[in-house]
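Structure first, then comments.
The values are calculated or read from the model by the stated rules, or taken from the named source; none is laboratory data. Keep in mind that this is a model prediction, so the values were computed, not measured. Cβ placement follows ideal geometry from the backbone for every residue including glycine, while neighbour counts extend to all protein chains displayed. Protein only, heavy atoms only, side chains kept; ligands, DNA and RNA dropped before computing areas. Shrake-Rupley method; radii C 1.70, N 1.55, O 1.52, S 1.80 Å.
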Amino acid sequence: MNLTIYSQEGLKLQTTTDLVVIPGLNGDIGIESSERVLVYLLKAGVIYIFENSKVKDRYFIYSGQFLAKDNKLTITIEGDLKKIKKITQNDIN
């Protein structure tokens, strides 16, 4: 599936993925592919991008909306897209 993320400044991310988990208003939503049209509002939270059944990347967003159609997922966000690094024990202490 093709994933594209935009903000007011323009294109932020363009990649392919097996699965995306996004922070919907009523809970997280996992999308593997979409032959139907889906439109949904997003709340502050983390977008998880999977590759080969493993989390490849994580990004924090403040809010936004998404459109899924024909195996394409387009996310438009408010604010900036912030990549989240892997958290280690040193980050917690």
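Here the condition is being over 19 Å from LYS82 (Cβ atoms) and within 12 Å of the chain's Cα centre (by Cα); of LEU25, LEU13, LEU38, LEU19, it holds for LEU19 alone.
The set of residues from the range 22-51 being in contact (Cβ under 8 Å) with a residue 24 or more places away in the chain, open to solvent by less than 30 Å² (accessible area, probe 1.4 Å), part of a strand (DSSP E or B) and more than 16 Å from TYR62 (Cβ to Cβ) comprises ILE31, ILE49. For GLY64, are the conditions met, namely being modelled with pLDDT of 95 or more and outside any loop (DSSP other than H, G, I, E, B)? Yes: the conditions hold for GLY64.
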